[in-house]
Amino acid sequence: MTPYLIGIDDTDNLESRGTGYRVRELAEWLAKNGLAEPKGITRHQLLVHPQIPYTSHNSSACIFVETDTAGDVWEASREFLMMTSASGSDVGLCLAEWESIAEEVLSFGRRAKVEMLTMLEAEQTARQSKIRCKGLRGTGGGIIGALAGIGLHRAGNDGRFLWLPGLRELNGKYLVTELIAEGGIERVCTLNHDDLSPDQLVEVGEWVRPVLLDGKSTLLVEEQNHEWHIISKDRLKSLSN
């Protein structure tokens, strides 16, 4: 099967569930209908600015999937978001084949973290890389974040994982080998990027959120009272924003 990235942004309003929830629903729906095999979902923080409309944090989401029917995935994703996105939202959807994502898209993602970008720039950048890109509701302004999420995920060093196979079932203490086998995590390391040995025991608590680092789902840990713990939620959020 061929790897693809699905970028999504602005599916919510102040009263509805957020885009992170909606994107997990979409991934599950694609899998249940045999359209794609989800491999991971990342959240990407974009620029927060008074002139940029957003619901709460101005973040977008990206699903990494493998599929043999990209056209069906596009149509199904579009229909799903049209049915489930909140009233007043400005939903944007992008679909990109992994190998077709050019440097211009990666640059667009990096710029979206520090600059105000336009829908026209998003449309032109997507067109140059032959990425499907469409605004589905309202102004359609969510295409900016959707494309940025694809660029940031493809670059491999931004965002934290909202979902990986088995990730949300983790709770308590695990050997590094168990985290890799059961939680979809590819690497466990310190903030200095020192990898833990496979037989090290790690307390993950109830909120496990690996980050995307060097293209791998990476769980960041620190030593506390001679035991390994994942870094705190607040610290992780500051690192992944």
Toy charge model, Lys and Arg Cβ at +1, Asp and Glu Cβ at -1: the chain dipole around Cα centroid in debye, rounded to 20, equals 620 debye
In the chain the accessible area split gives carbon plus sulfur, as whole percent at 1.4 Å, a share of 46 percent
Summing -39500 (n - 2.57) over every DSSP H run of at least 4 in the chain, dividing by its residue total and rounding to the nearest 500, the 222 nm mean residue ellipticity is -10000 deg cm²/dmol
Treating every alpha carbon of the chain as one equal point scatterer without solvent, the Debye formula yields log10 I(q)/I(0) values at q = 0.13, 0.16, 0.17, 0.18 Å⁻¹ of -0.75, -1.10, -1.21, -1.32
Mean separation of Cα contacts under 8 Å (at least 6 apart) over the residue count of region 152-233, i.e. the relative contact order in percent, is 33 percent
For region 1-135, the dipole about the Cα centre with charges only on Cβ (Lys and Arg +1, Asp and Glu -1), to the nearest 20 debye, works out at 260 debye
Shape descriptor, region 157-241: equivalent ellipsoid semi-axes (Cα gyration tensor, sqrt 5λ, whole Å, largest first) stand at 17, 15, 13
The base-10 log of I(q)/I(0) that the Debye equation returns for region 23-143 at q = 0.22 Å⁻¹, one scatterer per C-alpha, is -1.55
With every protein chain kept in place and a 1.4 Å probe, the chain has an accessible area per residue in Å² of 47 Å²
Too long for a 32 Å Cα-Cα cut-off, among Lys39/Lys113; Lys173/Lys237; Lys113/Lys173; Lys130/Lys233, are Lys113/Lys173; Lys130/Lys233
Computed for region 75-160: size of charge dipole around the Cα centre, +1 on C-beta of each Lys and Arg, -1 on C-beta of each Asp and Glu, debye to nearest 20, value 120 debye
Projected onto the charge dipole of region 88-241 (unit charges on the beta-carbon of Lys, Arg, Asp and Glu, signs +1, +1, -1, -1), the Cα from Asn157, Ile231, Gly184 with the largest positive-side position is that of Asn157
Per the rule of 0.36 nm per residue minus the C-alpha distance, extending Arg110 to Met1 adds in nm 36.4 nm
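The values are calculated or read from the model by the stated rules, or taken from the named source; none is laboratory data. Values in this document were obtained by computation on a predicted structure and should not be read as measured data. For neighbour counting, all protein chains shown are included, and Cβ atoms are generated from backbone atoms with ideal geometry for every residue, glycine included. Keep in mind that these areas ignore ligands, DNA and RNA; they rest on the heavy atoms of the full protein, side chains included. Shrake-Rupley method; radii C 1.70, N 1.55, O 1.52, S 1.80 Å.
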